[in-house]
Amino acid sequence: MPRNPLRRLSVALRLTEAYQPAVQAPPTPTTATSINLFLNSSKANFLKDVKEDPAKAAETWTVVMGNEAGDLDTIASSIAYSWILSEVHKKPAIPLIQVERPDLNLRAENLYALKLAGLSDTQEELLTLTEENPKAQVVAVVDHHADEGLYPDASPRTISPCGSCSSHVGALCPPEIPAELATLLLTAILTDTDGLKPGGKATQVDRDSALFLAPKSTIANRIPPPSALSPIDHPNPDALYEAQTIKDLTKTLEEKKSDVSHLNALDLLRRDYKEYSHKLGWATGQPTIKAGLSTVPSPLKAWATEGRLEKEGVEWMQRRGLTILGVLTSYHDAKKNVVGQKKKDKGKHKREMAWIILEEPVLAKTANDGLTSEGLGRRLWKGLEASKEIDVKVHKKISLKGGKLPGNSKARVTAPLLKDILENSASAPPTEASKTEEAKNEVPSAQDS
């Protein structure tokens, strides 16, 4: 069964431009300073044309979307690329944010950045899945991850590793862009690269794009001009990182991103969520199951105990039709700072992972293939334990006795790893003798990174 290309692109965290039912006439021209006006007019025209003539509109409009996690990089890239198509190339385009409208409020850093870019408090300018659920053909790709060789005929097809997809989109912008748009892209780059921190995720692509955007942004008057930051005769690749305004903006964005204390367990599962379909080629009939991954910037002990993860996790799985749900936590444990450590230090970086596997009656009929929750659990546990990328340890303080949850890792446990474990026929389930109650009922934790 072929995969939905849009879902595949979303999983890969790439920005995808795709045709979708909507407008037959270019949107109303915007002023050079109003992204708000561009988004409002594009959305109004798009929805009007979809309603009046979906078939014709499908041939006219381009919908630009990123992954379904709805992070700041995704939103900024989608808005900016749709603006480039509409205003520079004169092709009707609109950004689609792949979350339901209520979920826009789950990311405080997004709300802050959108406010800086001039959007309203309600974000009514944005098109979400609540208003439109697209089925589309991929025509262009802008991606900051490794090239998987997909969609070779896409144009443009900009794929190369860097810290933020917004850096690639920024490089596509014309010399004159709205200050609000430059600000939005800049905030996404700073969020993804820890403020362009040297030795971190930032590449030269990120630094060049940020240096292009900063003087055009709404904070330009608080940043030294490029000639002063990095003179031609004495270039400084870390000039923006060292600027106090950039440090302050990065700190604010990080604080807003990290503070999820106001969100409940279900909110956290929805906040940064991605979904995958896996074809089990090793099983009779080669069935396809759905797996979801929720990334949470807070330790399990803060929100997942006393049955909350089991209750809300199962509710979310049933709502999404999932067989497997993985919860990945990534946080800094400030409580364990060593003596003499400065207050500004974040503490040790830690990761955890918990998994819930639900029993599917139809799949369970072929239990000899390991399609029960117990069989899938054994395959998953074995794959995690065998991976060279991770170092699994049983969680010492959390036990989810009602579900099947192995745990997380020192290094990152990514979608490709889950794909290999579930789909690879070589990853045969372990024997009955290898099953342990500890593996079934305990939550492994990450090592300090």
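Annotation: peptides 302-308, 380-386, 323-329, 145-151, ranked by per-residue average of other Cβ atoms within 10 Å with the highest first, follow the order 323-329, 380-386, 302-308, 145-151. Segment 232-284 and segment 196-228 have Cα centres spaced 18 Å apart. With both labels modelled 7 Å from their Cα along Cα-to-Cβ, the Glu242 to Leu266 distance reads 5.1 nm. Summarised in one figure, the compactness ratio Rg/Rh of segment 229-273, Cα atoms and Kirkwood Rh, is 1.31. Accessible area per residue for segment 268-326 is 37 Å², calculated with a 1.4 Å probe on protein heavy atoms, without ligands, DNA or RNA. Counting every C-alpha pair in segment 88-244, the share spaced more than 29 angstrom apart comes to 23%. In this structure, His89 and Glu59 have a Cβ-Cβ separation that, at R0 = 22 Å, corresponds to a calculated FRET efficiency of about 0.85. For segment 29-104 and segment 285-305, what is the separation of their Cα centres, given in Å? That distance is 30 Å. Histogrammed with a bin width of 10 Å, the alpha carbon distances of segment 179-337 distribute as 9, 28, 22, 22, 13, 5, 0 percent, first bin at zero. Computed over Cα pairs, the Kirkwood radius of segment 89-170 leads via Stokes-Einstein (1.306 mPa s, 10 °C) to a diffusion coefficient of 106 µm² per second. Rg and Dmax of segment 40-127, based on Cα coordinates, read 13.1, 38 Å.
Extension gain for the segment Arg319 to Lys48, taken as residue separation times 0.36 nm less the Cα-Cα distance, is 94.5 nm to one decimal.
Distance between the modelled labels on Asn221 and Glu131, one decimal in nanometres: 3.2 nm (7 Å Cα→Cβ projection). One way to sum up the overall shape of segment 166-261 is the equivalent ellipsoid from its Cα gyration tensor, whose semi-axes run 20, 16, 13 Å, largest first. Heavy-atom surface analysis with a 1.4 Å probe gives segment 231-306 a carbon and sulfur content of 49 percent of its accessible area.
The values are calculated or read from the model by the stated rules, or taken from the named source; none is laboratory data. Here the structure is a predicted model, which means the values were calculated and not measured. Note: ideal-geometry Cβ built from the backbone for every residue, glycine included; neighbour counts use all protein chains shown. Surface accessibility is based on the protein's heavy atoms, side chains included, excluding ligands, DNA and RNA. Shrake-Rupley method; radii C 1.70, N 1.55, O 1.52, S 1.80 Å.
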